[in-house]
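Written out below as structure tokens is the structure these notes cover.
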Amino acid sequence: MVMLALPPLLGALAGGPLFAREYEQGTQILSLTQSVGTANWWASKTAVAGLPVAVGLLVLGFINEWAMEPMSSFPAKHLLTPGFQTRGITPAAYFILAFAIAVTAGIVLRNTAAAIGSTAAIYLLLLLLLGLARPYYAAPELSREPVPAASGSRPAGDVGGSWQLDYFYVNSAGEQVTPRINDCPADPDHEQCLVQQGVTGLVMEYHPAKRFWRFQATESGLALAASALLLGAGLVRLRRHIT
């Protein structure tokens, strides 16, 4: 949970005051009278404040991935919130996203407290949107198990600890059917009841655990793309409204 909260907290604290405090104290004009262009001033401040922290969180992300290795018997947890955001490259990407929000909010609002507060709200919204989009980073794989299950086979729907998205029943023609499950008794006659309603198989949609790094790269790329747009918007705003 500390790793989950660290990127937005550091992003807000590092980025919120970066330009908002300049406006609050009226020192932005002094800075720009030292033969420093607006773009250079913006780039140097953001790089010095953001890059070291991003590198530190990148290292922490890999350390956390190594530290969680004993939990490898639960591979699906790697793809789900909150574990997904605390390992690998995503902590650094999420810090950059929070930092970009805070920097741009500080330029627009010109108030440190308001910049930090708005960063928390916007970050949580983007975090929710990325979490909702994660199942669609790749087409799910399908696993079909016969009903009734073959003797000695694994339980229907067991796909080796992967991230299970959905399941549905099919008939002998491969068409989806909706049996009246509530009308069926408990084991051992449950599967026979389904067969009597035309069910011949259970299809599971899932993402295998091996897609962890692919999903990490996709989500980090989306976070970095959003960060670039936010930082670019902040730079445009800064150049047009420096005073």
Ranked by how many other beta carbons lie within 10 Å on average, peptides 101-107, 8-14 from highest: 101-107, 8-14
What list of ³J(HN,Hα) values in whole Hz, one per residue of the range 80-96 in order, does the Karplus curve 6.51 cos²θ - 1.76 cosθ + 1.60 (θ = phi - 60°) give from phi, with Gly and Pro shown as x? 10, 6, x, x, 4, 6, 9, 10, x, 9, 5, x, 5, 5, 6, 4, 4
Subtracting the Cα-Cα distance from 0.36 nm times the residue separation, let me have the gained length for Val177 to Leu142 in nm, one decimal. 11.0 nm
Taking 45 Å as R0, compute the FRET efficiency from the Cβ-Cβ separation of Val195 and Met1 and round it to 0.05. 0.45
Considering Cα pairs under 8 angstrom that are at least six residues apart, work out the relative contact order of the chain and quote it in whole percent. 27 percent
Residues meeting the amide H criterion for Gly201 (H placed from the backbone, H to H distance under 5 Å, 5 or more places apart or on another chain) are Val147, Val170
Ordered by residue, what ³J(HN,Hα) values in Hz, to whole numbers, does the range 15-20 give under the Karplus form 6.51 cos²θ - 1.76 cosθ + 1.60, where θ = phi - 60° and Gly and Pro are x? x, x, x, 4, 10, 4
How big is the convex hull of the Cα atoms of the chain, per residue, in Å³? 151 Å³
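Read-outs throughout are calculated quantities, based only on the coordinates presented, and are distinct from any laboratory measurement. Note that the structure is a prediction, hence the values are computed from the model and not measured. So basically every Cβ, Gly included, is an ideal-geometry build from the backbone, and we count neighbours across all protein chains shown.
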